[in-house]
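Q: Pasting in a structure now, in structure tokens, and then I'll have a few things to ask.
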Amino acid sequence: MPENGTFDELGLPPALQAAIADLGFTTPSAIQAQAIPALLGGRDIVGVAQTGTGKTAAFGLPLLAAIDYDIPAVQAIVLTPTRELAMQVADAIQSFATHLPGLNVLAVYGGSPFLPQQRALARGAQVVVGTPGRVLDHLERRTLKLDQVRFLVLDEADEMLRMGFAEDVDKVLSAAPRERQVALFSATMPPQIRRVAEQHLNRPVEITVSRQASTVTSVRQTYAVVPHRHKTGALARVLAVSEADAAIVFVRTRGAAEEVGSALIERGISAAYISGDVAQTEREKIVDRLRTGALDVLVATDVAARGLDVDRIGLVVNFDVPREPEIYVHRIGRTGRAGREGEALSFVTPAEQSRLRQIERTTRQSLLQVDIPSPAEVSAHRVQALLARTGARAELDRLDLYREAIAVHMAQNPDVDPFELLAVLTALSVGDEGPVAVQGDDLDDALSRAHLTGGGRERDGERSYDRPERGERRRADTHIAGGSPRWRVAVGHRDGLQPGALVGALTGEGGLTGKDVGKIDIFGSFALVDIPDGLSADVIDRLARTRVAGRPLRIRLDSGPRPGHGASRPTHGPARGRS
Ligand code: ADP
Ligand code: MG
């Protein structure tokens, strides 16, 4: 990592140093350490740097140092490719100017009325940040004059050219006085940008920084302590409540990409996975689906996601902590793009927590610990999503079937409170089967344990059902008399469970024979199965670990009422099968 020194060494005036301190910047980024002294020394610069390297302060601070605050005339112009960037950069420069009374920064951009901008310009601003088209507009209407301008910045020059602003940029530069400084920033250096630099810049100092040594702060960085074997379950919950349009999940190996990707797909999440050995054309197709919204979650290895640039990605999940901090920085750079906010969440096992410190040192930011959403939070989120769809569904009508069913139900159960009934229906619609289903959820158990033990080791031998369900195990050990015992598994229709898969697991991993397995009823989030002879503790142990349709079976004696009446009819109908 390059040593960038401190801000005091860069030669900035005290008022700007004070503002930097207010903002909490302690050490300059690489581009700042190199650009600020060059610009303060009166040189033009060409800076090649990616997003998130701290360019705004690299030009914003020297730009403010060059301004005479007593003169109300425009003295600095910053051109940016988009309206959002113009506003962002203007805000940032204003925040550097908090100790410079009388300094005004104004953003001007297309797509918004001309007149208020014209009035603001007339009131006087020393710094104007704008999109090239609108700045040129103001120039041509003479609402903006460049005769006092001594500092020009082209921010994200390659992006401006890509957006067709080449001619406008050229005109603005040509209209500015010869005696001026120019700073040009670009993520790439195509010949077109070289030409702009040759034509308009005066023997510029060239500065190139790599993204690796940079700060990425449009990304909220968080971590959660999750034991390894619970990561997939935790991931599914995180994705279930995420507000992000799309997410990318980073894994280390091709095998992990496939495993995690398939588990998400099995849970009905719009996901795909890619690794380095996926052909380029296939990879592009998948990335395109992610871009257009046909796909929401991409599970990828580092190699496969190299250079991936999709604005929709609002969340990056590090399924495991990368070995190198540089890989981490590269991964989280997939979000927070195009000026958007992003979040990066890293799963760390209790034993891995020390790796976080290394990452914090590299990114110069601390990671915030967050909790994995609880089942209640996931349900609450699903309820909101469900309610949001009710209006549109109501408009489509064809609800008579349901109106009648409810009318009959209410007539038969006159004591039922309609609100209560609505609450029950809502709970069932989001797959919440009540406390019975939640009890003994070993993900939550493990999460609270990981939390309590802090940096402690993951206790792999311990299974959470040892505790809440010990009583049931004993009951199972001692044969059950009377009636046919029904067993409940925590996998259901929602997970795409087929009866054959369940029978397969019971006979395969459980060592039962086909004769031992009776009737199977599959419901939304669970299934019930008759096993007339019961199960030994040993078999329960093995089956608890068995995964079907991507989820652990968590088999246990059913304590709930037997379904088969009224509302609780199985979604798949009673079925039997063999795989
Ligand atoms: P770029 O224009 O290169 O994409 P920005 O100038 O927008 O990067 O900076 C990215 C983020 O980093 C901003 O939130 C900014 O406040 C923060 N930042 C910039 N320089 C520093 C620094 N020296 N120390 C801490 N944070 C910084
Ligand atoms: Mg920028």
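Q: Just checking, how many residues over region 221-258 are crowded, with 19+ Cβ neighbours inside 10 Å and in a strand (DSSP E or B)?
A: Qualifying residue count, region 221-258: 10.
Q: Select from region 510-529 the residues that are out of contact with any helix residue (DSSP H, G or I) (no Cβ under 7 Å at 6 or more places or on another chain) and either crowded, with 23+ Cβ neighbours inside 10 Å or within 13 Å of PRO499 (Cα to Cα) (or both) and list them in ascending order. First the steps, then the outcome.
A: To start, the set of residues in region 510-529 that are out of contact with any helix residue (DSSP H, G or I) (no Cβ under 7 Å at 6 or more places or on another chain) comprises 515-516, 518-519, 521, 528.
Answer for region 510-529, where residues must be out of contact with any helix residue (DSSP H, G or I) (no Cβ under 7 Å at 6 or more places or on another chain) and either crowded, with 23+ Cβ neighbours inside 10 Å or within 13 Å of PRO499 (Cα to Cα) (or both): GLY518, LYS519, ASP521, LEU528.
Q: May I ask you to list the residues in region 66-78 that are of a type in the set (Gly, Ala, Ser) and either over 25 Å from LEU136 (Cα atoms) or in contact with a strand residue (DSSP E or B) (Cβ under 9 Å, 6 or more places away or on another chain) (or both)? Step through it out loud before you land on a result.
A: To start, the set of residues in region 66-78 that are of a type in the set (Gly, Ala, Ser) comprises 66, 73, 76.
Residues satisfying the conditions are ALA66, ALA76.
Q: May I ask you to list the residues in region 264-321 that are in a strand (DSSP E or B) and β-branched (Val, Ile, Thr)?
A: Just the residues of region 264-321 that are in a strand (DSSP E or B), to begin with: 271-274, 297-301, 313-318.
Correct list: ILE274, VAL297, VAL299, THR301, ILE313, VAL316, VAL317.
Q: Go through region 194-212 and give me each residue that's hydrophobic (A, V, I, L, M, F, W, C) and more than 16 Å from ligand 2 (Cβ to nearest atom). Break it down stepwise before answering.
A: Step one: filter region 194-212 for residues hydrophobic (A, V, I, L, M, F, W, C), giving 196-197, 201, 205, 207, 209.
Matches in region 194-212: VAL196, ALA197, LEU201, VAL205.
Q: State the number of residues belonging to region 530-560 that are assigned to a helix (DSSP H, G or I), acidic (Asp, Glu) and touching a helix residue (DSSP H, G or I) at 6+ places or on another chain (Cβ under 7 Å). Don't jump to the end; show me each part of the working.
A: Here is the first cut: in region 530-560, the ones assigned to a helix (DSSP H, G or I) are 537-545.
If we keep only those that are acidic (Asp, Glu) too, we end up with 538, 541.
Next, only the ones that are touching a helix residue (DSSP H, G or I) at 6+ places or on another chain (Cβ under 7 Å) stay: none.
Number of matching residues: 0.
Q: Out of ALA92, ALA73, report the one residue that is away from ligand 1 (no atom under 16 Å from the Cβ), small (Gly, Ala, Ser) and surrounded by fewer than 20 Cβ atoms within 10 Å (Cβ to Cβ). I'd like the intermediate steps shown before the answer.
A: On the way: ALA92 fails: away from ligand 1 (no atom under 16 Å from the Cβ).
One residue alone meets the criteria, ALA73.
Q: Just one of the numbered conditions (1) within 25 Å of HIS228 (Cβ to Cβ); (2) without any contact (Cβ under 8 Å) to a residue 60 or more places away in the chain; (3) in contact with a Lys or Arg (Cβ under 8 Å, 6 or more places away or on another chain) is not true of PHE250; which one?
A: For PHE250, the exception is condition (2).
Q: Mind counting the residues in region 15-46 that are touching a residue at least 40 places away in the same chain (Cβ under 8 Å), surrounded by fewer than 17 Cβ atoms within 10 Å (Cβ to Cβ) and not charged (D, E, K, R)?
A: 5
Q: Could I ask something else about it? Could you tell me whether region 89-97 includes any residue that is more than 23 Å from GLU341 (Cα to Cα) and in the same structural domain as LEU63 (by TED's automatic domain parsing)?
A: Here is the first cut: in region 89-97, the residues more than 23 Å from GLU341 (Cα to Cα) are 97.
Narrowing the set further to residues that are in the same structural domain as LEU63 (by TED's automatic domain parsing) leaves 97.
Yes: region 89-97 contains one or more residues that are more than 23 Å from GLU341 (Cα to Cα) and in the same structural domain as LEU63 (by TED's automatic domain parsing).
Q: Is it true that some residue in region 558-571 is basic (Lys, Arg), crowded, with 17+ Cβ neighbours inside 10 Å and at pLDDT below 80?
A: Within region 558-571, the subset basic (Lys, Arg) is 562, 569.
Those still in the list that are crowded, with 17+ Cβ neighbours inside 10 Å too: none.
No: region 558-571 contains no residue that is basic (Lys, Arg), crowded, with 17+ Cβ neighbours inside 10 Å and at pLDDT below 80.
Q: Among the residues of region 142-191, which ones are hydroxyl-bearing (Ser, Thr, Tyr) and in contact with a Leu (Cβ under 7 Å, 6 or more places away or on another chain)? Give the steps one after another, and end with the answer.
A: Keep residues of region 142-191 that are hydroxyl-bearing (Ser, Thr, Tyr), which gives 143, 174, 186, 188.
The one that is hydroxyl-bearing (Ser, Thr, Tyr) and in contact with a Leu (Cβ under 7 Å, 6 or more places away or on another chain): THR143.
Q: Sticking with this structure for a sec: Would it be correct to say that THR80 is over 26 Å from THR208 (Cα atoms), within 15 Å of ligand 1 (Cβ to nearest atom) and assigned by TED's automatic domain parsing to the domain that holds LEU40?
A: Values: over 26 Å from THR208 (Cα atoms): no; within 15 Å of ligand 1 (Cβ to nearest atom): yes; assigned by TED's automatic domain parsing to the domain that holds LEU40: yes.
Judged against the criteria, THR80 is not a match.
Q: Another question, if that's okay. Take LEU106 and decide whether it is crowded, with 18+ Cβ neighbours inside 10 Å and either part of a strand (DSSP E or B) or not basic (Lys, Arg) (or both). Break it down into steps so the answer makes sense when it comes.
A: Working: crowded, with 18+ Cβ neighbours inside 10 Å: yes; either part of a strand (DSSP E or B) or not basic (Lys, Arg) (or both): yes.
Yes: the conditions hold for LEU106.
Q: With the condition being within 15 Å of PHE151 (Cβ to Cβ) and within 15 Å of ligand 2 (Cβ to nearest atom), I'd like the helices (runs of 4 or more DSSP H) fully within region 1-100 carrying at least 2 qualifying residues. It would help to see each step written out before you state the result.
A: On the way: elements: 14-23, 30-40, 55-65, 83-96.
Qualifying helices (runs of 4 or more DSSP H): 55-65, 83-96.
Q: In region 171-185, what residues are in contact with an Asp or Glu (Cβ under 7 Å, 6 or more places away or on another chain), more than 16 Å from ligand 2 (Cβ to nearest atom) and closer than 18 Å to VAL205 by Cα?
A: Answer for region 171-185, where residues must be in contact with an Asp or Glu (Cβ under 7 Å, 6 or more places away or on another chain), more than 16 Å from ligand 2 (Cβ to nearest atom) and closer than 18 Å to VAL205 by Cα: GLN181, VAL182.
Q: Still on this structure, I have one more. Residue check, SER210 against (1) crowded, with 17+ Cβ neighbours inside 10 Å; (2) closer than 30 Å to ALA33 by Cβ, all met but one. Which one?
A: Of everything listed in (1) crowded, with 17+ Cβ neighbours inside 10 Å; (2) closer than 30 Å to ALA33 by Cβ, SER210 misses just condition (1).
Q: Moving on. Exactly one of these conditions fails for LEU428: (1) out of contact with any helix residue (DSSP H, G or I) (no Cβ under 8 Å at 6 or more places or on another chain); (2) at pLDDT 85 or above; (3) loosely packed, with under 15 Cβ neighbours inside 10 Å. Give me its number.
A: Condition (3) is where LEU428 drops out.
Q: Also: In region 322-440, which helices (runs of 4 or more DSSP H) lie fully inside it and hold 1 or more residues that are within 16 Å of ligand 1 (Cβ to nearest atom)? It would help to see each step written out before you state the result.
A: Details: elements: 325-332, 353-363, 375-388, 390-396, 400-412, 418-429, 435-438.
Once the helices (runs of 4 or more DSSP H) in region 322-440 are filtered for at least 1 residues that are within 16 Å of ligand 1 (Cβ to nearest atom), what remains is 325-332, 353-363.
Q: Right, something else. Six or more apart or on different chains, Cβ atoms under 6 Å: show the pairs whose first residue is in region 161-174 and over 14 Å from PRO190 (Cβ atoms) and whose second is surrounded by 15 or more Cβ atoms within 10 Å (Cβ to Cβ) and of a type in the set (Val, Ile, Thr).
A: Qualifying pairs under 6 Å: VAL172/VAL135.
Q: Which condition number does GLN88 fail, the rest of (1) modelled with pLDDT under 95; (2) within 15 Å of ASP137 (Cβ to Cβ) being met?
A: (2)
The values are calculated or read from the model by the stated rules, or taken from the named source; none is laboratory data. Worth saying up front: this structure is predicted, and the values here are computed from it rather than measured. Every residue, glycine among them, receives a Cβ derived from its backbone with ideal geometry; neighbour counts consider all protein chains shown.
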